[in-house]
Amino acid sequence: IKMSEIKTGGPVANEKNAEEKDWAAAKAAFENLKSNKPRPPKPQYAVTIAVSSRTLFNMVEEKKIFQEQGVEKYVTHQQEHESEPLKPGAAFPFVKALMNVNARLRELYPDGEELFDIVLMTNNHAQVGVRLINSINHYDLTIERFCMTGGKSPIGYLKAYMTNLYLSADSEKVTEAIGEGIAAATMFMPNTETELSSTQLRVAFDGDAVLFSDESEIIVKEHGLDTFFEHEKKFENKPLAQGPLKCFLEALGKLQRKFYAKNERLNCPIRTYLVTARSAASSGARVLKTLRSWGLEIDEALFLAGAPKGPLLQKIKPHIFFDDQMFHIEGAKELGTISAHVPYGIGQKYHKGKLIQQKKE
């Protein structure tokens with residue numbers, strides 16, 4: 001062995017150094033590539049929204065083929081129709097609104113990385129990818145990150161993608177994601193189409209078991225409204241525990257403040273709504289004080305005191321409305337609101353206020 005090789009760490013170390021240099025050179029070359037399409041932001045700065053292919057696009061016909069004829073026929077069908085764009089699904093207007101916010105952020109912060117990053121998270125097979133890519137390009141959607149898991153559940157990848165919100169048509173996957181501490185909801189197409197804002201992203205949240213824990217919901221269900229009102233009055237100054245979508249409201253607030261910093265509060269392209277069945281005078285203060293304690297703002301708070309949510313949502317016209325109770329989701333859907341069910345908390349054991357009888361094995 002030559003002394004010079006011992007001093008430098010030998011041939012193996014030299015090889016490793018050369019590899020690192022090659023990697024750095026390749027990375028630099030990629031970073032310097034010029035493109036008219038905006039590059040996705042780095043995950044550590046982005047607000048990452050993972051959407052399934054069945055929420056982004058309407059794939060009812062394709063799902064039927066999969067269920068009735070099996071995976072091979074399904075893949076063949078997708079390949080044979082890969083030049084035909086899929087029709088928009090429930091999450092499509094939401095994704096378009098996210099892109100509009102990104103365009104506004106890029107105007108104010110040309111080199112900013114704090115943007116929405118949309119990831120297509122699907123258990124489709126890679127062979128179906130061409131039709132999905134063609135559909136995304138047809139509608140000029142900015143979705144550069146794909147995760148196609150070939151029949152396996154994509155939930156394990158959500159944390160790796162640093163996901164802030166996961167939207168799927170599969171309630172089991174959504175429940176699994178919430179169990180992993182990821183904000184998630186099952187999306188539903190409305191019964192009628194509504195014209196939504198093309199300049200402002202509107203997001204509506206229920207309170208208990210969505211933004212907040214189901215602590216208060218449990219008291220209502222188990223002890224009735226009077227006990228609930230007494231409890232909320234007693235603990236008015238004690239913040240509610242966080243619910244599964246608190247972190248998503250937090251992420252929206254972070255981007256809203258980017259507009260406020262440029263004196264764009266009145267022209268902010270993100271607007272948030274709290275639409276709760278709570279009564280304002282009897283139980284509203286705790287909710288507002290909880291949000292304040294978290295350092296979060298909500299643009300509009302609607303306390304309905306048990307009145308139906310559908311007619312109010314018809315006026316708001318949100319791109320997405322989150323609720324933990326299917327009863328409210330169904331009412332919103334009927335009146336044209338794109339709704340997303342959050343399968344969390346005691347509300348899952350009830351329907352229209354009545355305990356669902358569990359089937360005995």
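The values are calculated or read from the model by the stated rules, or taken from the named source; none is laboratory data. All figures in this text were calculated on a predicted structure; none of them were measured in a lab. Positions of Cβ are backbone-derived with ideal geometry, glycine not excepted, and every protein chain shown enters the neighbour counts.
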Out of (1) at pLDDT 95 or above; (2) touching a Phe, Trp or Tyr at 6+ places or on another chain (Cβ under 9 Å); (3) outside any helix (DSSP H, G or I); (4) not aromatic (Phe, Trp, Tyr), the odd one out for Gly112 is which?
(1)
Taking the range 90-109 and keeping only residues that are closer than 22 Å to Tyr260 by Cβ and assigned to a helix (DSSP H, G or I), one is left with Ala97, Leu98, Met99, Asn100, Val101, Asn102, Ala103, Arg104, Leu105, Arg106, Glu107, Leu108
Show the residue pairs that are 6+ apart or on different chains and have beta-carbon atoms under 7 Å apart, the first residue being within the range 216-227 and in the same structural domain as Arg278 (by TED's automatic domain parsing), the second being acidic (Asp, Glu) and surrounded by 12 or more Cβ atoms within 10 Å (Cβ to Cβ).
Ser216/Asp208; Ser216/Glu232; Glu217/Asp208
May I ask you to list the residues in the range 67-93 that are of a type in the set (A, V, I, L, M, F, W, C) and either in the same structural domain as Glu250 (by TED's automatic domain parsing) or surrounded by fewer than 17 Cβ atoms within 10 Å (Cβ to Cβ) (or both)?
Val71
Of all residues in the range 98-121, how many are free of Cβ contacts under 8 Å to residues at least 12 places away in the same chain and either surrounded by 14 or more Cβ atoms within 10 Å (Cβ to Cβ) or closer than 21 Å to Thr163 by Cβ (or both)?
0
Which one of the conditions (1) free of Cβ contacts under 8 Å to residues at least 12 places away in the same chain; (2) buried (at least 16 other Cβ atoms within 10 Å of the Cβ); (3) polar (S, T, N, Q) does Asn263 fail to meet, given that it meets all the rest?
(2)
Single unsatisfied condition, Gly284 versus (1) surrounded by 19 or more Cβ atoms within 10 Å (Cβ to Cβ); (2) touching a residue at least 40 places away in the same chain (Cβ under 8 Å)
(2)
Is it fair to say Thr48 is closer than 19 Å to Thr186 by Cα and outside any helix (DSSP H, G or I)?
yes
Suppose the filter is in a helix (DSSP H, G or I), among the aliphatic types (A, V, I, L, M) and out of contact with any Phe, Trp or Tyr (no Cβ under 7 Å at 6 or more places or on another chain); does Ala281 pass it?
yes
Exactly one of Phe327, Phe322 is at pLDDT 95 or above and either touching a strand residue (DSSP E or B) at 6+ places or on another chain (Cβ under 8 Å) or in a loop (DSSP other than H, G, I, E, B) (or both), and that one is Phe322
Could you pull out every one of the helices (runs of 4 or more DSSP H) wholly within the range 215-263 that has 3 or more residues that are under 21 Å from Ile320 (Cα atoms) and modelled with pLDDT of 90 or more?
246-260
Only one of Glu82, Glu107, Glu72 is farther than 30 Å from Glu250 by Cα, out of contact with any helix residue (DSSP H, G or I) (no Cβ under 7 Å at 6 or more places or on another chain) and of a type outside the set (Phe, Trp, Tyr); which?
Glu72
Restrict the check to the range 122-134 and report whether at least one residue is touching a Gly at 6+ places or on another chain (Cβ under 7 Å) and surrounded by 18 or more Cβ atoms within 10 Å (Cβ to Cβ).
yes
Pair list, Cβ < 6 Å and 6+ apart or interchain, from the range 139-152 residues that are of a type in the set (A, V, I, L, M) to residues that are surrounded by 15 or more Cβ atoms within 10 Å (Cβ to Cβ) and not in a loop (DSSP other than H, G, I, E, B):
Ile143/Ile118; Ile143/Leu120; Ile143/Ile136; Met148/Thr122; Met148/Gly129
